């Protein structure tokens, strides 16, 4: 474990590396952040990170971190749990809750609970009321690298009171290290998508992709903004076995296959997520998660977590060149 810097409030941030086969991964205690992914024979990082820590509090606040307890949006910024209404931080347009607000897990320092050559485990405790949600919660993020070039992330969570839980890794990917992701092709195993309003909230419709610009069941090479992407692709109706859901290929020939247990893959085109000194559309975010705004849509997979139950999400990334 190596020092990486200090936050504005004076908290120490450390970096650890894990490796196996052809893959070396760097992780930060800030946000259990996926800071670096290096594939042997490729002279650049495949994920978009920075060695300048202050960027992660502002321009790069969502790059690489574990978003929680609730990733994505909750319309109206309020939820009812067990008959009680909870008012959430309305950090999107002062109307909606986005990525759990200022106290989200991606802003917090996690404990390094385990570190071996090929694996690292981070833990964080959220007290009752943190992010305006009930329950004393523990969240664990376990990263493991295996040969030839696979990274597995297992996220688990428990609570002592009924609460909401929908975690997501929010890494941005560019397999070419080009100024934008233009030229990347990808395929998504999803027959349906959640259309969104002008504010980025699901309309409630579960729409077929067939015949639309969002049909990526066969690999395509779209251009940035054509189509605009900030949507949940429905890879299932409930959490299930680990299965391949995304195939991404750069012009360089580097490939990434993503597998997950989650029924949703939120795809964001990075239109306003350029790192300082770089352009927008620099990378693509593929966020495995339950569906967004689920408390406001009874037919969406539930994100309720009860005492005695364990939330578990597994996501794998496999790389080749």
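Values in this text are rule-based calculations from the coordinates and carry no lab data. What you see is a predicted model, and the numbers here were worked out from it, not measured in a lab. Positions of Cβ are generated from backbone atoms using ideal geometry, with glycine treated the same way; all protein chains shown enter the neighbour counts.
If you go through the range 274-321 and keep only what is within 28 Å of residue 79 (Cα to Cα), in a loop (DSSP other than H, G, I, E, B) and within 17 Å of the chain's Cα centre (by Cα), you end up with 290, 291, 292, 293, 303. Figure legend. Inter-residue proximity from the range 75-98: first residues touching a residue at least 24 places away in the same chain (Cβ under 8 Å) and at positive phi, second residues part of a strand (DSSP E or B) and surrounded by 16 or more Cβ atoms within 10 Å (Cβ to Cβ), beta-carbon distance below 7 Å, spacing 6+ or different chains. Indicated pairs: 76/96. The C-beta contact set for the range 112-138 (first residue at positive phi, second residue surrounded by 15 or more Cβ atoms within 10 Å (Cβ to Cβ) and assigned to a strand (DSSP E or B), distance under 7 angstrom, 6+ apart or interchain) comprises 132/86; 135/159; 135/163. Applying the criterion of at least 2 residues that are under 23 Å from residue 311 (Cβ atoms) to the strands (runs of 3 or more DSSP E) found wholly in the range 1-112 leaves 23-28, 33-39, 78-81, 84-87. Condition check for residue 239 on (1) out of contact with any strand residue (DSSP E or B) (no Cβ under 7 Å at 6 or more places or on another chain); (2) closer than 16 Å to residue 301 by Cα; (3) surrounded by 12 or more Cβ atoms within 10 Å (Cβ to Cβ); (4) without any contact (Cβ under 8 Å) to a residue 40 or more places away in the chain: one failure, at (4).
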